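Here's the structure, in structure tokens; my notes come after.
The values are calculated or read from the model by the stated rules, or taken from the named source; none is laboratory data. If you're wondering where the values come from, they're calculated on a predicted model, not measured in any experiment. Ideal geometry is used to build each Cβ from the backbone, glycine not excepted, and the neighbour counts take in all protein chains shown. Protein only, heavy atoms only, side chains kept; ligands, DNA and RNA dropped before computing areas. Shrake-Rupley method; radii C 1.70, N 1.55, O 1.52, S 1.80 Å.
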Amino acid sequence: MADAGGPVFHGPVHNSQIAWGSQEVTQTQHIAAGPAALDDLQAAVRTLLDRIGELGLSPADAVTLRADAGELLDEAAADEPDPGRLRRLHARVRAVLAALATGAVTGAGAGAAQLAQSMLVDVQRALP
């Protein structure tokens, strides 16, 4: 049973910060993506691009996801990736995969949801 006076988390908590019971709080967090993480991200995005047709997306959504994933791949491969742009593109790709994985996208079958879940895990693991 959860304590009524404290935070309750349902599911994994990853790279999160919380403040509780404090009057003034200042928190900062910087997560740097090293070369190994960017290599993993590039591999995950290449897999996504290779299998995008299996996700059951509408043609318009597939074009948008392909464009975002392509830009993410390009940014990750840059000599000096822009961390803000990398995070924004990463978030957009994750959002589409999460919607597919949870079945929120109509027309996507169970196989597509499982594939999206697998890809989502790979993309999230590569760049938390």
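Below is a table of values for the structure above.
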{"quantity": "Candidate set: region 107-128, residues that are of a type in the set (A, V, I, L, M), farther than 15 Å from ILE52 by Cβ and surrounded by 15 or more Cβ atoms within 10 Å (Cβ to Cβ); chosen: the one modelled with the lowest pLDDT", "calculated": "LEU127"}
{"quantity": "Selection from region 44-94 of residues that are charged (D, E, K, R), under 12 Å from the mean Cα position of the chain (by Cα) and within 17 Å of LEU115 (Cα to Cα)", "calculated": "ARG94"}
{"quantity": "Qualifying residue in region 49-56 (condition: under 14 Å from GLN124 (Cβ atoms) and open to solvent by 40 Å² or more (accessible area, probe 1.4 Å))", "calculated": "no"}
{"quantity": "Filter pass, LEU55 being closer than 17 Å to ALA37 by Cα and out of contact with any Cys (no Cβ under 7 Å at 6 or more places or on another chain)", "calculated": "no"}
{"quantity": "Residues being of a type in the set (Val, Ile, Thr) and surrounded by 16 or more Cβ atoms within 10 Å (Cβ to Cβ) - total across region 94-106", "calculated": "2"}
{"quantity": "All positions within region 57-93 that are surrounded by 15 or more Cβ atoms within 10 Å (Cβ to Cβ), of a type in the set (A, V, I, L, M, F, W, C) and in contact (Cβ under 8 Å) with a residue 12 or more places away in the chain", "calculated": "LEU57, LEU65, ALA69, LEU72, LEU73, ALA76, LEU86, LEU89, VAL93"}
{"quantity": "Residue in region 101-122 that is out of contact with any Asp or Glu (no Cβ under 9 Å at 6 or more places or on another chain), of a type in the set (D, E, K, R) and in a helix (DSSP H, G or I) present", "calculated": "no"}
